[in-house]
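The values are calculated or read from the model by the stated rules, or taken from the named source; none is laboratory data. What you see is a predicted model; the values in this text were computed from it and never measured. Here the Cβ positions follow ideal geometry from the backbone for every residue, glycine too, while neighbour counts run over all protein chains shown.
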Amino acid sequence: MKIIHLLSQIPDATGSGKYVQEMIRQSLDCGYTPYLVCGVPASFDLQETPLADVIPAEHCLFVRFDDQDLGFKVVGMSDVMPYPSTVCAHLDDEEIAAYRVAFERVIGQAVELFVPDLIHSNHLWMATAAARRVAPHIPLVATCHGTCLRQHTLCPELGRSLLDDLSGIDRVIALFEEQKQEIVSLLGLPEERVATISGGFNSDCFFGESCQPAQGTVKILYAGKLNRSKGVPWMLRCLAGLEIEDFHLHLVGAGNGPEKAECLRLAKDLGERVTVHGVLSHQELGELMRSSHIFVLPSFFEGLPLVLLEALACGCRIVATDLPGVRELFAKYPADIVRTVALPPLETVDRPYAKDEAVLDKRLTAALEEAIRAVQSGVEYSSDDIGKLTASYTWPNIFKRISGVYKQAVESRK
């Protein structure tokens with residue numbers, strides 16, 4: 001099977017970019033032939049990315065932002081991206097029209113050159129709608145990563161203009177059941193056209209021996225975007241106020257603009273108890289996870305955060321906000337391994353009310369203290385215990401289910 005993998009933004013090592021990289025690798029392992037169509041900045045060089053080792057340049061076409069294709073920066077699926085980007089809600093009518101024309105042209109060119117059996121797009125948003133318009137005769141599968149549903153809320157007029165095209169998708173992949181119901185409602189699709197399939201983790205990079213009690217300093221890790229919607233300032237303030245001082249935070253990730261500056265400023269309050277790493281490769285992150293005891297993800301909005309699976313596979317205990325994807329993923333996990341922090345109703349999809357900040361601080365502080373004490377004196381979980389919890393989420397197992405969706409999409413056209 002020949003598959004075009006479509007992504008509207010940079011195929012980086014986070015979120016949907018990580019997902020697309022794994023789809024390409026798994027496609028190759030299963031004997032499929034992948035082709036990449038992606039939105040990138042003018043300076044993007046495939047040879048400087050991990051994808052250079054798995055897909056040849058002649059099997060890639062790019063829409064270049066801030067360049068000859070489009071005169072503005074990459075449109076992020078979140079409002080704050082770890083690189084210079086354009087906020088989707090700030091696009092004017094002329095820029096939206098230019099975006100559509102550019103993606104339709106490049107997708108059409110890829111279809112003509114590659115003659116795919118199927119297109120696997122990412123996000124229920126503009127690029128996927130363009131693929132449906134350009135290639136109505138080709139089976140189309142789209143994965144929802146959650147941020148696209150957020151854009152339908154933030155940009156309702158633009159979202160409504162896409163619904164006719166998006167409702168023509170042959171199969172949609174949701175990351176968890178609550179998200180599936182939202183997709184069914186938004187697009188008016190029958191439930192059988194939406195499959196719930198979690199993301200996965202790369203067991204070659206993310207593996208561990210056990211969850212062990214700490215001998216000395218408890219090592220805490222955060223990896224992700226350095227911004228407010230991820231809850232990073234909240235986490236840093238709570239860590240600075242802990243009565244327990246025998247911990248060290250490893251802060252991993254990238255950011256952009258004033259929100260990144262705020263995170264780095266708050267990190268300085270921890271003094272020698274924090275190490276700021278910047279962006280790490282999968283191999284480097286896996287090594288750091290194996291040496292850490294607790295992984296914290298205090299997000300106010302997520303689809304299904306694959307980084308939690310990676311951290312768990314490496315033997316970290318988890319502290320995370322009680323978002324739908326997290327709740328569904330970890331519902332049956334022991335509380336000593338996964339602690340969740342309840343969120344009050346939010347003011348927006350990723351911002352709490354100011355009046356709730358004191359309650360949030362109290363809840364996260366309590367969860368962090370409990371997790372630290374559990375590490376210091378808790379039960380050890382062996383690699384067999386961890387393996388039983390994570391085995392079904394390795395990428396080969398996840399891709400078997402995705403491959404089944406591909407076959408359904410193709411069969412539905414016969």
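Remarks
- Test: Asp69 is without any contact (Cβ under 8 Å) to a residue 60 or more places away in the chain, buried (at least 19 other Cβ atoms within 10 Å of the Cβ) and not aliphatic (A, V, I, L, M): yes
- Residue in the stretch 38-52 that is within 22 Å of the chain's Cα centre (by Cα), small (Gly, Ala, Ser) and within 23 Å of Ile138 (Cβ to Cβ) present: yes
Residue by residue, here is whether (1) modelled with pLDDT under 95; (2) among the basic types (Lys, Arg); (3) in contact with a helix residue (DSSP H, G or I) (Cβ under 6 Å, 6 or more places away or on another chain) holds:
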position	(1), (2), (3)
Val80	yes, no, yes
Glu94	no, no, no
Ala102	no, no, no
Arg105	no, yes, no
Ser121	no, no, yes
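- Screening the candidates Arg160, Arg132 for the property of being farther than 30 Å from Ala371 by Cβ, among the charged types (D, E, K, R) and out of contact with any Gly (no Cβ under 6 Å at 6 or more places or on another chain) yields one hit, Arg160.
- On the stretch given as the stretch 166-179, residues that are outside any loop (DSSP other than H, G, I, E, B) and surrounded by 20 or more Cβ atoms within 10 Å (Cβ to Cβ) total 6.
- Test result for Leu242, in a loop (DSSP other than H, G, I, E, B) and touching a residue at least 40 places away in the same chain (Cβ under 8 Å): yes
- Verdict on Phe207 being in contact with a strand residue (DSSP E or B) (Cβ under 8 Å, 6 or more places away or on another chain), modelled with pLDDT under 95 and assigned to a loop (DSSP other than H, G, I, E, B): no
- Selection within the stretch 54-67 - under 22 Å from the mean Cα position of the chain (by Cα) and not in a strand (DSSP E or B): Val54, Ile55
- Subset of the stretch 280-339 (residues that are β-branched (Val, Ile, Thr) and either more than 21 Å from Thr394 (Cα to Cα) or part of a strand (DSSP E or B) (or both)): Ile294, Val296, Ile318, Val319, Thr321, Val338
- Restricting the stretch 340-385 to residues that are in a loop (DSSP other than H, G, I, E, B) and modelled with pLDDT of 85 or more, the residue that is farthest from Leu312 (Cα to Cα) is Tyr353.
- Residues that are crowded, with 19+ Cβ neighbours inside 10 Å, closer than 28 Å to Phe300 by Cβ and under 23 Å from the mean Cα position of the chain (by Cα) do occur in the stretch 23-35.
Residue by residue, here is whether (1) within 27 Å of Glu411 (Cα to Cα); (2) of a type in the set (S, T, N, Q) holds:
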position: Glu22; (1), (2): yes, no
position: Pro41; (1), (2): no, no
position: Phe44; (1), (2): no, no
position: Lys73; (1), (2): no, no
position: Ser78; (1), (2): no, yes
